[in-house]
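Structure first, then comments.
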Amino acid sequence: MILKKISLSTILLFCFTITTFSQENLNKKTDGISFLKDQSKLNIQFNYEGMLIVDKPEGTFLTEKQNEKNAKEPGAGDRWFIAWQHNKTDDFPRRFKVLFNKYIAKKPLRAVSDSTVEYTLIIKTLKMDPSLYSGGGHNAHADLEFLFVKTTEPEKILCKLRLKEVQGSAGFASFDEGLRMQECYAVAGRLIAKYIIKNAYKKSRVNKNI
C-alpha cells in the first residue's frame, strides 16, 4: 500500500507544522492578519534582546565560548564571535526572507528591509540551541515570536504568533552551527508565509440568504 511508504519523519514533520503555532490577537476586534492582503511589502525586523542560548543569557554564552576557543587557538574565539554576529545581522534575516518570499510567491506580498512600508513583522528570538556539542548529529532548535505591527506604531501589536522548537538542519554541512541556526529561520519563513496565505487571503463567505 502507498500509505506504508510514508516515513515516520514525514508524519512527525506534519505534526510539527500544525501543533507548534499559537496565535494571540491582542486586540480581539481585529480580523487576524487580513490587513496584509492588500499590501505588497512587509518590513522584516529582527530582535534578539533577552535571547537565551540553551539556558544561558546570550552575553554569558558568548563570553564563555569566545574565551574557550581562544584558549585552544589564539584568535579562534574572536573569529567565531564575529561570525556569530554576522549570522544575526545578515544570515538569519536573509534566510527568513528568501524562504518567505519563495513560498508566498503567488501572492503580491514580499518580505523586505524597508522601514517606510506600512507594516512590520518583528521576529524575536526567545531561545536558541545551536547543538554545539552534537558533533553535527543533531539539529539546531529555536523558539521564536512574531509581532505584526504598524511600522510607525511598533508598540501597538496587531497580531502575535509563536513557534516553538523550530528545527534547523544543514544537511551535509551539519557540522557548521551557523548553517544549522540559519535553517531555523528558513523553516520559520516558510511556515509564516503559509500561515499568512491561509489567514490573510481567505475568501469571505457569501450569505446566500441575501
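Every read-out reported here was derived from the displayed coordinates using simple, explicitly stated rules and does not represent laboratory data. Treat the numbers as computed from the prediction; the structure is a model and nothing was measured. Cβ atoms come from the backbone with ideal geometry, glycine included; neighbour counts cover every protein chain shown.
Per-structure values
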| item | result |
| --- | --- |
| Net length gained if the chain between residue 90 and residue 153 were fully extended (0.36 nm per residue, minus Cα distance) | 20.2 nm |
| Calculated P(r) tail over 12 Å for region 34-83, as whole % of Cα pairs | 71 percent |
| Amide H within-cut-off set for residue 131, under 5 Å, with H built and near neighbours excluded | 141 |
| Spatially proximal aspartates and glutamates relative to residue 127 (Cα-Cα < 12 Å; intrachain offsets below 8 disregarded) | 49, 55, 58, 143, 145, 165 |
| Where N is the number of residues in region 98-164, Cα Rg divided by 2.2 N^0.38 Å | 1.41 |
| Along principal axes, Cα extents of region 92-131, largest first, whole Å | 36, 22, 12 |
| Efficiency of FRET between residue 72 and residue 98 - r from beta-carbon atoms, R0 35 angstrom, step 0.05 | 0.55 |
| Separation in nanometres of the label points that stand 7 Å from Cα toward Cβ, at residue 82 and residue 56 | 2.3 nm |
